[in-house]
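Asker: One structure, pasted below without further comment.
Just so you know, all these numbers are worked out from the coordinates, no wet-lab data involved. Since the model is a prediction, treat every value here as computed from it, not as a measurement. Glycine gets a Cβ as well: all are built from the backbone with ideal geometry, and neighbour counts include every protein chain shown.
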Amino acid sequence: MTTHSHSHPDPHPDLHAHSCTIKTVPAADLAAAADKAVRINPHNAPPVQALRALAPDIPLPPARLSVMTKKYWGAKGVKLTVGFMDSPAADLRARILSHMNAWGQWSNVRFVETKTNPQVRIARTAGDGYWSYLGTDILSIPANAATMNLDSFTMNTPDSEFYRVVRHETGHTLGFPHEHMRKQIIDRIDRAKAIAYFKATQGWSENEVIAQVLTPLEQSALIATAQADPLSIMCYWLPASIMKDGVAISGGTDIDALDAQFAGLVYPGPLTPSCIWPNGKAYFFKGAQYLRYDPKADKTDAGYPKPIAGNWPGFPATFSSGVGACVLWGGGKAYFFKGTQYLRYDVVADKADAGYPKPIAGNWPGLWADNIDAAVCWPGNGKAYFFRGSEYLRYDIAADKTDPGYPKPIAGNWPGFPAAFAAGVQAAVVWNNGKAYFFKGSQYLRYDIAADKVDAGYPKPIAGNWPGFWPSGLDA
Ligand SMILES: [Zn+2]
């Protein structure tokens with residue numbers, strides 16, 4: 001992307017007539033709204049134990065914890081009903097809904113219009129700007145009040161504004177905060193100039209500018225991509241004139257690739273590739289090494305394999321070789337299994353969570369207590385599959401337990417698996433092409449997820465088909 005020079009005029013003066021504000025529930029309701037957010041999705045809770053461990057002397061009063069509580073809907077996905085405060089024509093309603101549902105192309109998100117008790121309530125109040133409440137907070141707003149405002153939107157509003165504004169406000173309803181509130185971006189803003197600018201253009205008071213533009217998101221409350229993304233749909237345009245370096249923040253005009261990956265990570269859905277990390281890569285392990293595979297380029301990245309030790313922050317020494325299984329889970333976590341233990345890895349913070357490894361026994365209801373060979377989250381059914389020896393079991397991700405009736409033999413339950421694979425597999429991944437891949441020794445097979453069977457012509461040798469892989473096979 002190119003940057004705008006200091007003297008460059010605002011390229012879209014009309015498009016920035018309104019900045020967006022994230023509305024917060026009234027102060028008296030903050031604690032109840034935070035409780036609700038944690039009930040709906042336990043991952044929303046602020047990391048109190050970690051904070052106390054890091055800084056035992058810093059007080060954590062309830063008001064502060066409320067502010068640090070995230071507002072994401074759960075890993076089961078988002079299905080919300082939508083209504084309108086006024087009576088827009090059917091074509092406008094359908095157009096708004098279609099842009100809200102754009103998020104569903106990459107994540108398990110669905111908005112459905114209803115006339116009775118809608119959860120998302122859209123107003124078009126002129127002069128009130130663009131705003132939304134954040135995620136689960138919409139459930140704390142009185143039923144006769146809007147949860148989102150699309151100031152003066154009509155069928156005559158340019159299409160680009162439907163992309164830029166409707167998708168952005170819908171992102172807030174999904175729990176996504178402003179990308180321009182990332183510290184990396186705020187550090188570049190000239191405070192005095194910003195206060196003057198937003199006073200002049202938005203009529204905001206100094207306190208409003210501080211709250212909406214100049215207060216970085218709590219790092220500890222942040223689930224986010226590693227780097228701030230100035231092209232994120234959740235990032236608003238900031239003019240060069242208020243930036244210390246004179247370089248404007250472009251802001252997003254549509255859901256970009258990082259937004260899509262992030263949404264898929266937070267709300268994994270039927271179309272979400274379950275083994276591709278937010279950086280677009282997949283990881284494979286063998287012995288004391290790992291490699292990073294680029295599914296788009298269809299080859300191992302240059303410089304790999306590398307040693308596990310030193311490259312996976314927070315990995316204990318025992319996990320620096322012989323990882324048995326690795327599975328990318330919902331909620332921004334990955335799990336690694338070895339022997340009787342497992343550890344949880346925070347994909348976006350890029351480090352193992354504190355307090356791990358833990359024993360598998362007692363923490364994964366119904367799962368074998370040791371020696372997991374392979375694990376994979378499956379698209380479309382909310383299940384993960386675990387493999388050990390000649391058996392597999394199906395794990396319900398939302399219920400967080402093994403489904404009744406498992407484990408079962410692989411043989412007879414995975415159509416097309418040859419005998420060598422029915423006797424056990426070493427690794428499994430799902431790609432974003434509707435296929436799963438299973439690895440055993442020097443061979444692999446491709447499984448069609450929709451057809452629920454092995455594709456014809458498999459297994460094939462790894463050598464020659466997976467550039468940069470260990471030809472003799474993988475551990476995980
Ligand atoms: Zn916004």
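Asker: Report, to the nearest 10°, how far helix 191-202 tilts away from the longest principal axis of the Cα atoms in the chain, using its own Cα long axis and a range of 0 to 90°.
Answerer: Long axis of 191-202 versus the principal axis of the chain: about 70 degrees.
Asker: Now, a different point. Calculate one ³J(HN,Hα) per residue across the stretch 132-149 by plugging θ = phi - 60° into the Karplus curve 6.51 cos²θ - 1.76 cosθ + 1.60, and present them in order as whole Hz with x for glycine and proline.
Answerer: Coupling constants for the stretch 132-149: 8, 7, 9, x, 5, 4, 4, 6, 9, 9, x, 4, 8, 10, 6, 10, 8, 10 Hz.
Asker: Moving on to the next point. Can you put Ser250, Ser98, Ser132 in order of Cβ neighbours within 10 angstrom, beginning with the fewest? Can you show the working numbers first?
Answerer: Details: Ser250 18, Ser98 12, Ser132 25.
Ranked by crowding around the Cβ, least crowded first: Ser98, Ser250, Ser132.
Asker: Kirkwood Rh over Cα pairs of the chain into Stokes-Einstein at 25 °C, 0.890 mPa s: D in µm²/s?
Answerer: Values: Rh = 24.2 Å.
The diffusion coefficient I find is 101 µm²/s.
Asker: Using all C-alpha to C-alpha distances in the stretch 13-265, build P(r) with 5 Å bins and read off the rounded percent in each one.
Answerer: 1, 6, 13, 18, 19, 18, 14, 8, 3, 1, 0, 0
Asker: Mean separation of Cα pairs under 8 Å and 6+ residues apart, divided by the residue count of the chain: what relative contact order is that in percent? Show your work: numbers first, answer last.
Answerer: Working: 977 pairs, mean separation 53.7, N = 476.
Computed over the chain, the figure is 11 percent.
Asker: Could you give each residue of the stretch 293-309 its phi-based ³J(HN,Hα) in whole Hz, using Karplus coefficients 6.51, -1.76, 1.60 with θ = phi - 60°, and x for Gly or Pro?
Answerer: Calculated HN-Hα couplings, in order: 10, 9, x, 5, 6, 6, 7, 5, 5, 4, x, 10, x, 10, x, 5, 4 Hz.
Asker: For a distance above 17 Å, tell me the whole-number percent of Cα pairs in the stretch 424-475 that qualify.
Answerer: Numbers: 403 of 1326 pairs.
Of all Cα-Cα distances in the stretch 424-475, 30 percent exceed 17 Å.
Asker: Another one. Quick check on the stretch 13-265: of the DSSP beta bridges with both residues there, what percent are antiparallel, nearest 5%? Kindly include the intermediate steps, with their values, before the conclusion.
Answerer: On the way: 5 of 19 bridges.
In the stretch 13-265, approximately 25 percent of DSSP beta bridges are antiparallel ones.
Asker: With a cut-off of 8 Å between alpha carbons and a minimum separation of six or more residues, what is the relative contact order of the stretch 273-461 in percent?
Answerer: Working: 408 pairs, mean separation 26.5, N = 189.
Taking the mean separation of contacting Cα pairs over the length of the stretch 273-461, I get 14 percent.
Asker: Helix 90-100 versus the longest principal axis of the chain: what angle, 0 to 90°, nearest 10, using Cα atoms?
Answerer: Tilt relative to the chain: about 50 degrees.
Asker: Post the alpha-carbon centroid distance, the stretch 165-197 to the stretch 369-419, in whole angstrom.
Answerer: 43 Å
Asker: May I pose another question? Give me, ordered by chain and number, the residues 5 or more places off Ala75 or on other chains with an amide H under 5 Å from its own placed amide H.
Answerer: Excluding prolines and chain starts, which carry no amide H, there are no hits.
Asker: In degrees, nearest 10, range 0 to 90: what is the angle between the Cα axis of helix 30-40 and the longest Cα principal axis of the chain?
Answerer: 30 degrees
Asker: Highest mean first, how do 31-41, 183-193 rank when packing is the count of other Cβ atoms within 10 Å averaged over residues? Intermediate results must be reported in sequence, preceding the final value.
Answerer: On the way: 31-41: 18.4, 183-193: 15.3.
By packing density, highest mean first, the sequence is 31-41, 183-193.
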